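Heads up: the structure comes next, in structure tokens.
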Amino acid sequence: MDEIDNKIIAELRRDARMSYSALAATTGLSRVTVRARVERLVSSGAILGFTLILKEDIRHSPIRGHTLLAIEGAGTDRIKRILAGMPAVQAIHATNGKWDLIVETGTETVEELDSVLGQIRRIQGVSSSETNLLLATQMTVTT
């Protein structure tokens with residue numbers, strides 16, 4: 001990937017619906033060249049897909065948070081399988097540093113989130129956790 005690919009990706013992150021013509025105007029390339037570059041980025045796996053975020057996605061789970069987990073021993077894969085089976089778990093991210101996993105959660109109520117966090121803390125191999133509630137979300141999507 002070069003500087004032009006990075007600019008195309010930055011524009012698509014801002015607006016994944018941006019037309020090839022608009023991308024061409026921002027990059028100074030032809031529409032055909034931009035299209036070929038985007039197709040190459042997709043086929044090479046640099047771009048894995050394009051995502052649509054609905055207002056309903058956020059409303060469905062008004063209580064959202066990130067739970068950071070420290071795992072003891074070699075049970076990370078087992079713990080990820082358990083977490084993946086929990087309806088309130090929306091995503092699981094491996095990370096480095098003090099925490100081993102970041103778990104995105106979403107529930108209807110604070111009480112429901114408290115119950116989910118209790119279940120997570122009781123999973124064998126979870127040595128500590130910290131949860132941060134998401135108070136507000138600013139989408140980087142243009143309309």
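All of the numbers you see were taken from the coordinates with simple rules; none came from a lab. Note that the coordinates shown come from a computational prediction; the quantities given were computed from them, not determined experimentally. Heads up, the Cβs are rebuilt from the backbone with ideal geometry, glycines too, and the neighbour counts pull from every protein chain shown.
Three principal axis extents, largest first, for the C-alpha atoms of the range 55-133, in Å?
38, 21, 20
Quick one: dipole size for the chain, taken about the Cα centre, charges +1 on Lys/Arg Cβ and -1 on Asp/Glu Cβ, in debye to the nearest 20.
400 debye
Collect residues whose amide H, placed 1.01 Å from N in the peptide plane, falls under 5 Å from the amide H of Ile47; neighbours closer than 5 in sequence don't count.
Val42
I need the peptides 23-32, 112-121 ranked by packing, meaning the mean over residues of other C-beta atoms within 10 angstrom, with the highest value on top.
112-121, 23-32
Hey, if you put +1 on the Cβ of every Lys and Arg and -1 on every Asp and Glu Cβ in the chain, which of Asn6, Ala22, Gln124 ends up farthest toward the positive end of that dipole?
Farthest towards the positive end: Ala22.
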